[in-house]
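To keep things clear, I will list the structure first and then write my remarks on it.
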Amino acid sequence: MNIYSIIDGNRAVSGIIITFIYIGLALLFGYLISGYIKKLYTDEEEKTWLYPISGRIVNFFEKFFNENKNKQMKFKEYFFTLIMFNFFAGIIGFVFIYFQHDFPYSYANNHMDLSLTFNTVISFLTNTDLQHYSNSFDLSILSWTFVVTGLMFLSAGTGFAASMAFIRGILNDNGKLGNFYHDFLVSIFYLILPLTILVTVIVIAMGVPETLSSYINVFPIGSSAVKLPLGPVATLVSIKNIGTNGGGFYGANAAFPLGNPDWFTNIVEYLSFMLIPLGSIMSLRYVFDKRFGNMLTGVLLTIFVFTSMLTFISEFIGIPEISALGIFTGNMTGKEAYLGLAPSSVFQVGSVFTSTGASSGGIIDYTPTGMLGLLSNLVLNDPLGGVGTGIVNIFTYVVFTLFITSLMVGKLPELMNIRIGSKEIKYSTLSLISHPLIVIIPLGITLMIPVIMGTFYNGFPSNISNLLYEFGSAASNNGSEAGGFLTNSSYFNYLDGIIMLLGRYLILGIQLLLAQQFAFKKPKTIYNKSAIDTGSFSFAFMLLAVIIMIGLLSYLPIFALGPLYSWAKDFDFMVIGWI
Amino acid sequence: MDLRGVIINALKGFDFRKIIKNPVMFITEIAFFISIFIIIFPSYFNVPDTSVYIYFYISVTVLLFLTVFFSNLSTSLSESQSMAITSSLEKMKISTKANLLKDNKIITVSSDELRKGDIIIVKKDETIPSDGEVIKGSGYVNESNVTGESRPVIKLVGDSVTGSTVLVTDEITVKVSVNPGESFIDSMIKVVQNAVRERTPNEIALSIFLSGVTLIFLVVVASIFSLSAYTGIKPNIDILLVLLVALIPTTIGGLLPAIGIAAVNKVSQYNIISKSGKAVENAGDIDTIILDKTGTITIGEREAVKFYPNQNYDYHDFVKKSLLCSLNDETIEGLSIVRLAKKENIEYNEDELKNYEFVPFSSETSYSGIKNGDKYILKGSLRALSEKLNLNDTYINGICKEISLKGGTAIPVASDGKFIGVIELNDILKPGIRDRIEDLHKMNISTVMLTGDDEVTAAYFAREAGIDEYIANSKPDDKYNKVIEEKNKERMVAMIGDGTNDAPALAKADVAMAMNTGTQAAKDAANMIDLDSTPTKLIDVIFLGKQILITRGSLTTFSIANDISKYFVIIPAMFYMFPELGFLNILNLTDPLRAITAALIFNTIIIVILVPLALRGVKYTPSSASDLLKRNIIVYGFGGIVFPFIMIYIIYMLLSLGGVAW
């Protein structure tokens, strides 16, 4: 039976319209905040309306730590400070979580073993939030409130600070990247904290719980008593989205009614994780050049539109076996009925398009091509990126595209009229290849270990997709989980931990080193126009081509034996209630 | 080097120590050696060893060998071109006799014994034994063996002469400026040889990227090994090797060294010696060109064409005075005034000059002439003379302006407190110069002309030629200051110069071309020397620089775009045991082994097909960058996607026709 014959025109059209409404809203809010973010990037925070409050708080901390923005750092000092700051936070988090049962506000079942603690701390520290523990009870209220929430703020602040340093690297010519403490405080108190408070208020109003009591007993009809975990859910929901962290209080994340009660919170949560990454990219319209900012937004949205359409349409077409029975609901398996196909899909794609990783449904239940839409974003290192990291990532592609396009018109490459030398190419190449390497190498190794492969619930080829999803999510610091195997094993806990560390700090380090190269250089004075018009369609096309050729095409053999093969054989689909 | 030499050299390129510098080809060569072992010990690699497969392994081995061989061949071909250049240079290095002036005695020594600072005397029809500077006398020198120009050129005091050129008139005294082995020809040979080894920063950047891509594909192919092992397919190492070699950018990787060497060779064919490959590449990226005088864009030799006496001043007297003040002036202007005056059959007596002291032209004063106490005859720029002598003559001003507006140069002559007339020197734009400047504009290069001429003349020629900016009445410092000013704006500056006072500016410029007729100091400071001394050739070098970059960029795009078709041919063929993946088999190639062979054959022959392109360079017509980008994306990007599909299909069909069935 031809599955295309069953497409119900109206439902398809309304789904597509919903998807575009979501995308349009993200653009609108990104545009609204972009002017504000621009002021943070150009060190004009005193011109923001939050200055009277946030300025005092930042001043207070700066006086306390005896740091200020005049103490400018070069790459070495900046990155070292960033690493040490994160390292100590990680150590403190580790101690708190590993010994959480010895601290107050804990219950007997609050315990994690060494490998799980290692994985969990790194996961929150690196803005990944890959949750290998499955139960909200695994963490005590204290761990939730201080460690997890704290690390969520810290990782988002670190990411944004890094992007401030990167942009300063391009704008400056004195070799300085800025002061990490100042950048971090500005990120937190001017951007992340105010937005989190705003979103918290909205989601509490919509019925998301915020309490210190740890659980209540509920008595579902026809079932015995169930412990329903509670806690500081609303705060966590806000920071997990605003900070593109993605680790929800509930294992089911945004698919759990108390984490995402209705269509409105679904939009609010989606907008909160799109807000800063898209706003940062759009702020480049003011920081550098309007057409350049528009071009980047356009290229990234093209990827978003394409992958979200791929996922939505795949989910809409549904599972052939079920459609054959005359039930044309699309693939509702693992999706919340009150959200429906389009909102679930676009939320999910948005969550991997940014490095959030929140999920509004069971990812493992997506159709193979629906999954391909998600995987494509993951292997591209989350095109729009997380708070701050998105800008830095896209610039490595831009540097490389400039290199190729400049050569093609017979010029030596320049970024914002700053000459790109062989060192810059070296660092952007390193940064571009690091991501595929830390995904493919662990994948290749894991496939060779039968014991590990034996823990998969699905057989070939679905398990290839699941495995690729796991490492892609860890490497891009996304944190969404397809699951499909026993994630909480010391093998995956340690391996993912290392991948997350490399995916975060190694790549960030190389990228800041790239910024350092630019920081010494002065832009060229242009009399009429630059050789390469970075706002042009040709450049946008080449950027997209480079992203696809370098980022996506290298995965074709794995895609072929994973999602494409599943799809091709009318997918070997296993319905697992993995929510 | 003959064909045999080229081939032997290409085979020598297989040496691991050599090929490791090119990671893409290094990987290919390793794949080649592994494939040999696969033929010999198929069971050891756990691959099928039926005769069909053995034929397949053999053809893979041959093709992998050819891939590396063709890459080496392209390098070897361009090296042989440079060797042809060096050996022709070597032939010029003949040891001659030299008349060394030592302790006021002339002794005859071999040219090899000359040291820097030695004074030698060169007589008529003798070969100049070493590079040096004329310190006495003047004469015509035939430089055809260096420049290819058969017309002898005049060498005056202060000019530099090149060893191995021949003095055809008179006798000159030359101060040797180099030690043996450092002569101009020696350095030319060194440059051409170095170009073979030295890699430019841009080339290094590109090979870093190519190595990165190679590393990714290496890991991807390794992951296919574990993927297929996991799925229970026996992974065939030989097919994985083919996939690897097909995916890594062998096309650009193989041709990259040849592109760079070919460019330096081409510069030599323009009769320009570049001291480094980097300078040629930088030339492609120039933002500003500084032309050092009006003569760069005009025919050059400004000839005196007409005498205009002042109101009520005797014509013959004016001509005579003009002649007298120019007799000792050896500038081109001075000589031409003498020539023109002599045509007028003016009677004069050289003894009249005895009472006068000669005031030579200097760029500081902008005038020259003769002087005896209060009496003087001076000629020079209107501004300089008016200021110096405190004169203001509206009639003379009018004539000067009129001449300038015509594009001529007015040289007023003043004698004893008044202007006595104006000499008109005329010059015209070189044919085609307008178009070339227009080309520069298309390439987004701004042009600056510094000239000692007055405002009106400079404006006239700048306007006529379409030059963006001019600085009239410029002093020697102005050149240096302009270069520094542009450098401070981070712009790439090219300049042309020949005088000693140009040396500081030349040393600062990114691309500095000195004329071979220029002084030794200028040649030392420059990074390119134009043997024919035709300044507009700088524009050719810019074209060439752009051409190298475009060739590299386009071939990289082409090479990477090729991967799409190779993926869609090899992946379905490799996983033929999963018929469901047949939808990836766009070309519908039914025989997997033949499809894989076809892809590898394409991968190999594309290198040969592109060798001429790499050596000649991608066609470059000056146009705006955005048009060029669009054109190259279509030709090399889309072409790179579509062309291999067609080619692989044709090769596949030819293989079937040839009865190749595995």
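The values are calculated or read from the model by the stated rules, or taken from the named source; none is laboratory data. Remember, predicted model here, so these are calculated numbers, not experimental data. Every residue, glycine as well, gets a Cβ built from its backbone with ideal geometry; the counts of neighbours run over all protein chains shown. The area values use the complete protein model at the heavy-atom level, side chains included, leaving out ligands, DNA and RNA. Shrake-Rupley method; radii C 1.70, N 1.55, O 1.52, S 1.80 Å.
Out of A:Ile558, A:Ile548, A:Ile576, A:Ile532, one residue alone is at pLDDT 85 or above and either open to solvent by 20 Å² or more (accessible area, probe 1.4 Å) or more than 26 Å from the chain's Cα centre (by Cα) (or both). It is A:Ile548.
Considering the conditions (1) open to solvent by 10 Å² or more (accessible area, probe 1.4 Å); (2) outside any helix (DSSP H, G or I), A:Asn393 is excluded by exactly one of them, (2). For segment A:337-356, check the following and say yes or no: at least one residue is more than 21 Å from A:Thr244 (Cβ to Cβ), open to solvent by less than 10 Å² (accessible area, probe 1.4 Å) and in contact (Cβ under 8 Å) with a residue 12 or more places away in the chain. Yes, some residue in segment A:337-356 is more than 21 Å from A:Thr244 (Cβ to Cβ), open to solvent by less than 10 Å² (accessible area, probe 1.4 Å) and in contact (Cβ under 8 Å) with a residue 12 or more places away in the chain. State whether one or more residues within segment A:428-441 are within 24 Å of the chain's Cα centre (by Cα), outside any helix (DSSP H, G or I) and either closer than 25 Å to A:Ser376 by Cβ or hydrophobic (A, V, I, L, M, F, W, C) (or both). No, segment A:428-441 contains no residue that is within 24 Å of the chain's Cα centre (by Cα), outside any helix (DSSP H, G or I) and either closer than 25 Å to A:Ser376 by Cβ or hydrophobic (A, V, I, L, M, F, W, C) (or both).
Would you tally the residues in segment B:523-540 being assigned to a helix (DSSP H, G or I) and either under 19 Å from B:Leu429 (Cα atoms) or touching a strand residue (DSSP E or B) at 6+ places or on another chain (Cβ under 6 Å) (or both)? Total meeting the criteria: 5.
Once segment B:465-497 is narrowed to residues that are under 17 Å from B:Ile433 (Cβ atoms) and surrounded by fewer than 21 Cβ atoms within 10 Å (Cβ to Cβ), the residue that is farthest from the other protein chains (Cβ to nearest Cβ) is B:Gly466. Among residues that are closer than 30 Å to B:Ser130 by Cβ, more than 14 Å from chain A (Cβ to nearest Cβ) and at pLDDT 85 or above, B:Thr173 is included. At least 2 residues being free of Cβ contacts under 8 Å to residues at least 60 places away in the same chain and β-branched (Val, Ile, Thr) is the threshold, and among the helices (runs of 4 or more DSSP H) wholly inside segment A:143-245 those reaching it are A:193-205, A:233-242. Go through the residues of segment B:259-282 one by one and say whether even a single one is part of a helix (DSSP H, G or I) and under 30 Å from B:Asn46 (Cβ atoms). No, segment B:259-282 has no match at all. Looking across segment B:339-372, the residues that are at pLDDT below 80 and open to solvent by less than 60 Å² (accessible area, probe 1.4 Å) come down to B:Ile346, B:Leu353, B:Ser362, B:Ser363, B:Thr365, B:Ser366. Please work out if B:Ser207 is small (Gly, Ala, Ser) and either modelled with pLDDT of 90 or more or over 25 Å from A:Gly421 (Cα atoms) (or both). Considered against the rule, which asks whether it is small (Gly, Ala, Ser) and either modelled with pLDDT of 90 or more or over 25 Å from A:Gly421 (Cα atoms) (or both), B:Ser207 comes out as no. On the stretch given as segment B:230-242, residues that are of a type outside the set (Val, Ile, Thr) and farther than 21 Å from B:Thr50 by Cβ total 1.
If only residues of segment B:209-231 that are facing chain A (nearest Cβ under 7 Å) and touching a Gly at 6+ places or on another chain (Cβ under 8 Å) are counted, the one that is farthest from A:Leu556 (Cα to Cα) is B:Ser226.
Among the residues of segment A:257-275, the ones that are buried (at least 21 other Cβ atoms within 10 Å of the Cβ) and farther than 24 Å from A:Gly24 by Cβ come to 1 in all.
If you go through segment A:409-442 and keep only what is within 7 Å of another protein chain (Cβ to nearest Cβ), modelled with pLDDT of 90 or more and open to solvent by less than 10 Å² (accessible area, probe 1.4 Å), you end up with A:Ile425, A:Thr429, A:Pro436, A:Ile440. Checked against the criterion of being more than 13 Å from every other protein chain (Cβ to nearest Cβ), closer than 30 Å to A:Met112 by Cβ and open to solvent by 10 Å² or more (accessible area, probe 1.4 Å), the candidates A:Tyr469, A:Tyr494 yield just one match: A:Tyr494. Filtered by the rule that a residue be in contact (Cβ under 8 Å) with a residue 24 or more places away in the chain, in contact with a strand residue (DSSP E or B) (Cβ under 8 Å, 6 or more places away or on another chain) and of a type outside the set (Gly, Ala, Ser), segment B:357-374 gives B:Phe358, B:Pro360, B:Phe361, B:Ile370.
Restricting A:Gly484, A:Gly479 to those that are in contact with a strand residue (DSSP E or B) (Cβ under 7 Å, 6 or more places away or on another chain), at pLDDT below 90 and more than 9 Å from chain B (Cβ to nearest Cβ) reduces the list to A:Gly484.
Screening A:Ser323 on (1) closer than 23 Å to A:Ser473 by Cα; (2) part of a helix (DSSP H, G or I); (3) of a type in the set (Ser, Thr, Tyr) shows it passes everything except condition (1). Here B:Met495, B:Met513, B:Met577 are screened, and the one residue that is of a type in the set (A, V, I, L, M, F, W, C), touching a residue at least 24 places away in the same chain (Cβ under 8 Å) and in a loop (DSSP other than H, G, I, E, B) is B:Met577. Looking across segment B:216-261 at every residue that is of a type in the set (S, T, N, Q) and within 26 Å of A:Asn458 (Cα to Cα), the one that is most open to solvent (accessible area, probe 1.4 Å) is identified as B:Thr231.
Of the helices (runs of 4 or more DSSP H) entirely within segment A:443-509, those holding at least 2 residues that are closer than 22 Å to A:Leu556 by Cα, touching a residue at least 60 places away in the same chain (Cβ under 8 Å) and polar (S, T, N, Q) occupy A:462-475.
Taken together, B:Ser82, B:Ser88 contain a single residue that is surrounded by fewer than 15 Cβ atoms within 10 Å (Cβ to Cβ), more than 22 Å from B:Ser559 (Cβ to Cβ) and among the small types (Gly, Ala, Ser), which is B:Ser88.
When the strands (runs of 3 or more DSSP E) confined to segment B:386-476 are screened for residues that are polar (S, T, N, Q) and more than 40 Å from the chain's Cα centre (by Cα), those reaching at least 1 such residues are found at B:409-415. Only one entry in A:Ile548, A:Ile526 is without any contact (Cβ under 8 Å) to a residue 12 or more places away in the chain and either closer than 24 Å to A:Lys411 by Cβ or within 10 Å of another protein chain (Cβ to nearest Cβ) (or both), namely A:Ile548. Close Cβ contacts (under 6 Å, 6 or more residues apart or on different chains) running from residues in segment A:533-545 that are more than 9 Å from every other protein chain (Cβ to nearest Cβ) to residues that are of a type in the set (Lys, Arg) comprise A:Gly535/A:Arg291.
The numbered conditions (1) among the aliphatic types (A, V, I, L, M); (2) within 7 Å of chain A (Cβ to nearest Cβ); (3) buried (at least 23 other Cβ atoms within 10 Å of the Cβ); (4) in contact (Cβ under 8 Å) with a residue 12 or more places away in the chain are all true for B:Ile571 except (3).
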